[in-house]
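Read through the structure below, which is laid out as C-alpha cells, and then see the notes.
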Number of protein chains: 2
Amino acid sequence: MATIYQVSDLAGVSLATVSRVMNNNAKVSDKTKQKVLDAMKELGYRPNATARSLASNRSDSVGLLVPELHGPFFGQMMGGTESELRDAGKHVIITTGHSDVDKEVDGIEFLLSRNCDALILHVEAVSDEYLIELHKGKVPIVIINRYIEEMADRCITLDNALGGYLITKSVLEKGHREIAYISGPKWKDDSNQRIKGHKKALEEFNVPFNEQLMYQGDFTQTGGCDGLTSLLDAGIPFTALVCGNDEMASGVLATARQKGMDVPKELSVTGFDNIIYASLLFPTLTTIDYPIRQMGHMAAKLVLKDVYDKKKLEIRHQFIPKLVERNSAIIV
Amino acid sequence: MATIYQVSDLAGVSLATVSRVMNNNAKVSDKTKQKVLDAMKELGYRPNATARSLASNRSDSVGLLVPELHGPFFGQMMGGTESELRDAGKHVIITTGHSDVDKEVDGIEFLLSRNCDALILHVEAVSDEYLIELHKGKVPIVIINRYIEEMADRCITLDNALGGYLITKSVLEKGHREIAYISGPKWKDDSNQRIKGHKKALEEFNVPFNEQLMYQGDFTQTGGCDGLTSLLDAGIPFTALVCGNDEMASGVLATARQKGMDVPKELSVTGFDNIIYASLLFPTLTTIDYPIRQMGHMAAKLVLKDVYDKKKLEIRHQFIPKLVERNSAIIV
DNA sequence: TTGTAAGCGTTATCAT
DNA sequence: ATGATAACGCTTACAA
C-alpha cells in the first residue's frame, strides 16, 4: 500500500503539500496540485483512515448501535441512517447491544475507541444516568427511541403512548369491550408507554382494566404464540386482542389459525409498528405505523447538523404514530 | 481521555510495560501488573483502537459488506456473522454496496482503509477479476453467496441450481405442467442458477420451457406483483407459478388475493429462501430453505480460522438447500 | 522482568 | 505557496 511519503517523493513535493491536496483545505498552486494528483493515481494511493483519524481526531464515520442486526424493525432504521449519512460522504460503523447492559457498554466503548465523530444509539439496557454521563463527554450522541429529559435535544422518539391510545381506541370504537393485551417486556420503556396509552383509551370508554387479560410477552413472534395460548387457557372471554407489536401479532395470527379460530370473525387482532410484512399477513394486519426509517434518517440529520455543520437541516424530535386500518380487526 | 502515558506515569512504570499488560503477550511480574491495572482503573483508561491499529497493523475487527441493511435475508446473514465474531472478541464493521459497482468498491476501500483484519463480502456488481485481484492483496477476504473458481476456498455458497431444481420438481410432481416463472434480475448469478435448476427439472419431466411464461423480476415484493399481473395479461394459462425468491412470492400472494384468485386452489405458488415470515403468509409458503444465517456463521468461522488462528474450526464451503413444503402449492 | 526509542501514516503548526 | 517537524497513542524490536 502506497503511503503519503511515496506520493510526495514521486511528485517531488513535501508531505504537507500532499496532505493539503487530499484535504484541499489550503491553497496549492494548480501546477503542484496536478503533480500530486498524478502521483496519487500512478501509485493507486489510498489514504490510511486510521492514521488520518489518529492525527486529526476525526474519522468521518458515525457509530450506530442497535439491539439486533436482524428483524424488520432495525433493518429499516439502519437503512435510513446509513443512506442519509452516505449521501453526505460519511460512513457508519454498526454494532449491536443485544439489550444487555454489558454488551451495550461494550459496543459503545468499541465505537468510541474507533474515534467515531458521533454516536447514534438505540439502547435499552443501559441506564439514563449512564447516557447522561456519556453525553457530557467529547463525542456527541443521539438517542433514538428513548426519551431522556436531561438531553431532550439529543433524542428522536415516537409518541408510543399516543400510538397505544390510538390502536385501543380504534378497537373500542368497533364495539369491543373485552379486550386482551399482549405487551412487550416490562423493562422496556416503549412497551410501557404503549400500555399507558392502552389504559387511557379504556378509561375514556369506561372500560375497567383487567389485569388477567394482560400477558407479558417479549416482542417476538413466539411471545405472541405463547400469549394467545396463555390468555385462552385463562378462560376469561375476550373479543379483541391488542398486541404490543406486529411480530407478536403475527405469532397470534399463526397460532389462532392453528387452533381453528377465525380472525377477525371470532377475534380481532391488532399490532404495532407496521413492519414490512404487516400487509402480507392473513388477514392483513390493523396496526400503528411507526416511521422508523424516517426516524433513522432524522437521527442522521441531527448528526449532520451538529457535527458536520449542515446548519440548514430541520430537525424534528418527536414523530407521530398513525393508525393503519386493515382487515384483522372488525366491528364486534 | 486518559492515554497510556498517564497510566504509565501513575503506575510508575514504562509505556512498554503498560502495553504488555493490556495485551498480556509478555511476562510482567504480578506486582507491576497489579499496579498497572490499578492505574488503569483509576483513570478509567480505555485504549485507543485507532492508535493501536496504526501501530500494530491489526484491528481485531472484520469488515462486512452487504447489499442492503434492511430485508429479512441480509439481516439474518449479518446476525450470524456478528454473533460468531463477537463471541471470539472481534468486532464487525458493516457497510453497504447497494448492488452498485461504485458503491461496492467504495465500501471495500472504506473497510480496507479502516485496517480490517479480513473482509467478508456479499457483492454482486463488482467483477470476478476485481475480486481475484483484491484477493491477491494483503487482507484476506471471504466471499459469500458467490462462487469464483480461482478462489474457491474463500467462497461460502449455496447450491442455487439444486434449489431451483428441487422446487420446480416438487411442483411437477404435483402434476403441474403449465408452470410460469418469475425470476430475479438476469445479472445476478444466484438468480440464473435457480433458473438453470428450474429448466433441468422441466427437462427431466419432458416439459418444454416456454419463454413466454417467464417474467424477469427484481427480487422485491413489487416485482412479484408486477410479474403476476404481466403473466396473467399475457393470456397463456398456467397452474403453477414458481418465484425466484420469497419476497416476490409474497407480492404474488397479495396480488392474487386482490384479484380474487384462490391460492393454492386456482394457482400454486412457490418461493425461495424461506425468509422469516414465509410461514406467516397466507397460505403459508412452500419454498426452499436457504440457511443464510448458518452461512453467515460459517463465513465468520473461516475468518477466525485463517486470520485469528482458531485452527480446529471445521469449514464447509457449500451449503445444501432443502425443500420446505407448506400450503401454497398443491396437487393440480 | 523492565525500559528506551523508533516507527505506524497522517495532520497541523510553524517557518520560509 | 511550500517545506520542516512535532504531535497523535500505541506496538515492538532491542537493550539493559
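Values in this text are rule-based calculations from the coordinates and carry no lab data. Computed from a prediction, not measured in an experiment: that's the story for all the values here. Virtual Cβ from ideal backbone geometry, glycine too; neighbours counted across all protein chains shown.
So here's what we get for this one:
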{"item": "Shortest-first distances to equivalent copies, position A:GLU203, nm, label 7 Å out along Cβ", "result": "7.1"}
{"item": "Residues with amide H under 5 Å from that of A:MET261, placed H, sequence gap 5 or more", "result": "none"}
{"item": "Lys, Arg +1 and Asp, Glu -1 on Cβ, resulting dipole of chain B about Cα centre, debye, nearest 20", "result": "1420 debye"}
{"item": "Relative contact order, percent, the stretch A:1-113 [alpha-carbon distance under 8 Å, six or more residues apart]", "result": "21 percent"}
{"item": "Packing-based ranking, highest mean first, of B:321-327, A:324-330 given that Cβ atoms within 10 Å are counted", "result": "A:324-330, B:321-327"}
{"item": "Cα-Cα separations in the stretch B:4-56 greater than 12 Å, expressed as whole percent", "result": "60 percent"}
{"item": "Burial order of peptide ranges A:69-76, A:154-161, B:262-269 (average beta-carbon count within 10 Å, highest first)", "result": "A:69-76, A:154-161, B:262-269"}
{"item": "Exposure proxy order (Cβ contacts within 10 Å, fewest to most) of B:TYR181, B:TYR215", "result": "B:TYR215, B:TYR181"}
{"item": "The stretch B:188-259 and the stretch A:287-311: distance between their alpha carbon centers, rounded to Å", "result": "38 Å"}
{"item": "Cα-centre dipole for the stretch B:160-290 with unit charges at Cβ (Lys and Arg positive, Asp and Glu negative), debye to 20", "result": "180 debye"}
{"item": "Spacing of the two label points (7 Å from each Cα toward its C-beta) at A:ASP233 and B:LEU313, in nm", "result": "4.1 nm"}
{"item": "Extended-chain gain in nm, criterion 0.36 nm per residue less alpha-carbon gap, B:GLU150 and B:THR220", "result": "22.1 nm"}
{"item": "Long-range HN-HN contacts of A:ILE288 with modeled amide H, under 5 Å", "result": "A:GLY271, A:PHE272, A:ASP273, A:ASN274, A:VAL324"}
{"item": "Karplus (6.51, -1.76, 1.60) ³J(HN,Hα), θ = phi - 60°, over the stretch B:74-88, in Hz, Gly and Pro reported as x", "result": "5, x, 5, 5, 4, x, x, 5, 4, 5, 4, 5, 5, 4, 9"}
{"item": "Charge dipole (debye, nearest 20) of the protein assembly as shown; +1 at Cβ of Lys and Arg, -1 at Cβ of Asp and Glu", "result": "1340 debye"}
{"item": "Partner chain coverage, peptide A:276-289 - average Cβ within 10 angstrom", "result": "4"}
{"item": "B:PHE219 long-range amide H proximity, modeled H, under 5 Å", "result": "none"}
{"item": "Cα-based shape type of the protein assembly as shown, given that a ≥ b ≥ c are square roots of the gyration tensor eigenvalues and the cut on a/c is 1.5", "result": "oblate"}
{"item": "Residue-wise HN-Hα coupling along the stretch B:58-67, computed from phi with Karplus coefficients 6.51, -1.76, 1.60 (Hz; x: Gly, Pro)", "result": "10, 9, 6, 9, 10, x, 10, 10, 10, x"}
{"item": "Within the protein assembly as shown, percent of DSSP bridges classed antiparallel, to nearest 5", "result": "10 percent"}
{"item": "Packing-based ranking, highest mean first, of B:15-25, B:220-230 given that Cβ atoms within 10 Å are counted", "result": "B:220-230, B:15-25"}
{"item": "B:ILE132 paired with B:LYS265, simple spin-label distance in nm, labels 7 Å along Cα-to-beta-carbon", "result": "5.6 nm"}
{"item": "Pairs beyond 22 Å (Cα-Cα), from A:LYS138/A:LYS310; B:LYS90/B:LYS312; A:LYS136/A:LYS188; A:LYS136/B:LYS41; A:LYS103/B:LYS138; B:LYS90/B:LYS305", "result": "A:LYS136/A:LYS188; A:LYS103/B:LYS138"}
{"item": "Mean Cα-pair separation over length for chain A, i.e. relative contact order, pairs under 8 Å, 6 or more apart, %", "result": "16 percent"}
{"item": "Mean Cα-pair separation over length for the stretch B:4-56, i.e. relative contact order, pairs under 8 Å, 6 or more apart, %", "result": "37 percent"}
{"item": "J(HN,Hα) series, the stretch A:203-220, from Karplus relation 6.51 cos²θ - 1.76 cosθ + 1.60, nearest Hz, glycine and proline x", "result": "4, 4, 9, 6, 9, x, 7, 10, 4, 6, 9, 10, 10, 8, x, 9, 6, 10"}
{"item": "Packing-based exposure ordering (other Cβ within 10 Å, fewest first) of A:LYS200, A:LYS90", "result": "A:LYS200, A:LYS90"}
{"item": "Shielding of B:77-83 by partner chains, average beta-carbon count, 10 Å", "result": "4"}
{"item": "Averaged over A:88-94, number of beta-carbon atoms from partner chains that fall within 10 Å", "result": "5"}
{"item": "Dipole of the protein assembly as shown [Lys/Arg +1, Asp/Glu -1 at C-beta], most positive-end residue of B:GLY260, B:ALA88, B:GLY163", "result": "B:ALA88"}
